[in-house]
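Here is the structure we will look at, set down as structure tokens.
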Amino acid sequence: MSLFLETARSKVPELNERGARLRFVGRREHLPQNVREAMEEAEDLTSGNDLIDVYVALNYGGRSELVDAARRMIRDGLDPDAVDEATFASYLYAPEVPEIDLLIRTSGELRISNFLLWQIAYAEFYVTETLWPDFSPEEFRRAIASYAARSRRRGGV
């Protein structure tokens, strides 16, 4: 957590200057108070920015997100028959985030790793052996070209 706090102190002002809106997703209540305060300060500082949205998953798990959404719906007293996909999605940690179109998986890993389970339901995957620190603009262009060449059916035949 000290690495997170160090990074927050050094990078948040730069992100703010570049017009980034910073958001954190995950179970905050299990994090130390000073980390929660740093997260809230970063979100408050950048809340008016609209050039790019930057989401940081901290103490995050896709299954936890789904369980937490279900718990909030139950606490809110929702009628089970009133729960559809749109309603469920509105209870996720960051409901404003659109569904993922392209998921880039570095280091050749072929697993989802409990990440954004709801949001990647119709995502296209691009897997590269390149490790994240070495992921270059050229590799990104290859991923985009691969994605652009696909026929997206979003679950259809």
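The values are calculated or read from the model by the stated rules, or taken from the named source; none is laboratory data. Small disclaimer: the values here were computed from a predicted structure and weren't measured. Here the Cβ is made from the backbone with ideal geometry for all residues, glycine too, and neighbour counts use every protein chain on show.
In region 1-34, what residues are closer than 20 Å to residue 95 by Cα and in a loop (DSSP other than H, G, I, E, B)?
Across region 1-34, the qualifying residues are 26, 27.
Count, please, the residues in region 35-90 that happen to be acidic (Asp, Glu), assigned to a helix (DSSP H, G or I) and not assigned by TED's automatic domain parsing to the domain that holds residue 23.
Adding up the residues that qualify gives 4.
Look at region 17-44 and say how many of its residues are more than 12 Å from residue 59 (Cα to Cα), more than 18 Å from the chain's Cα centre (by Cα) and surrounded by fewer than 17 Cβ atoms within 10 Å (Cβ to Cβ).
Selection size over region 17-44: 8.
Would you confirm whether or not region 112-123 contains a residue that is of a type in the set (Ser, Thr, Tyr) and closer than 28 Å to residue 63 by Cα?
Among the residues of region 112-123, at least one is of a type in the set (Ser, Thr, Tyr) and closer than 28 Å to residue 63 by Cα, which makes the answer yes.
Under 9 Å by Cβ, and 6 or more places apart or on different chains, what pairs join a residue from region 18-37 that is of a type in the set (Lys, Arg) with one that is in a strand (DSSP E or B) and surrounded by 14 or more Cβ atoms within 10 Å (Cβ to Cβ)?
Within 9 Å, the pairs are 21/53; 21/54; 23/53; 23/54; 23/55; 23/56.
Among the numbered criteria (1) without any contact (Cβ under 8 Å) to a residue 40 or more places away in the chain; (2) farther than 30 Å from residue 146 by Cα; (3) out of contact with any helix residue (DSSP H, G or I) (no Cβ under 8 Å at 6 or more places or on another chain), which single criterion is violated by residue 68?
(1)
When region 100-130 is examined, which residues are found to be on the phi > 0 side of the Ramachandran plot and surrounded by 15 or more Cβ atoms within 10 Å (Cβ to Cβ)?
116
Of 140, 135, 115, which residue is of a type outside the set (Lys, Arg), modelled with pLDDT under 95 and over 14 Å from the mean Cα position of the chain (by Cα)?
135
What residue, among those in region 45-62 that are among the hydrophobic types (A, V, I, L, M, F, W, C) and under 12 Å from the mean Cα position of the chain (by Cα), is nearest to residue 118 (Cα to Cα)?
So, considering only residues that are among the hydrophobic types (A, V, I, L, M, F, W, C) and under 12 Å from the mean Cα position of the chain (by Cα), the one nearest to residue 118 (Cα to Cα) is 57.
To keep it simple, each residue is scored yes or no on (1) over 20 Å from the mean Cα position of the chain (by Cα); (2) more than 23 Å from residue 54 (Cα to Cα); (3) at pLDDT below 95; (4) surrounded by 10 or more Cβ atoms within 10 Å (Cβ to Cβ).
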site	(1), (2), (3), (4)
80	yes, yes, no, no
90	no, no, no, yes
98	no, no, yes, no
155	yes, yes, yes, no
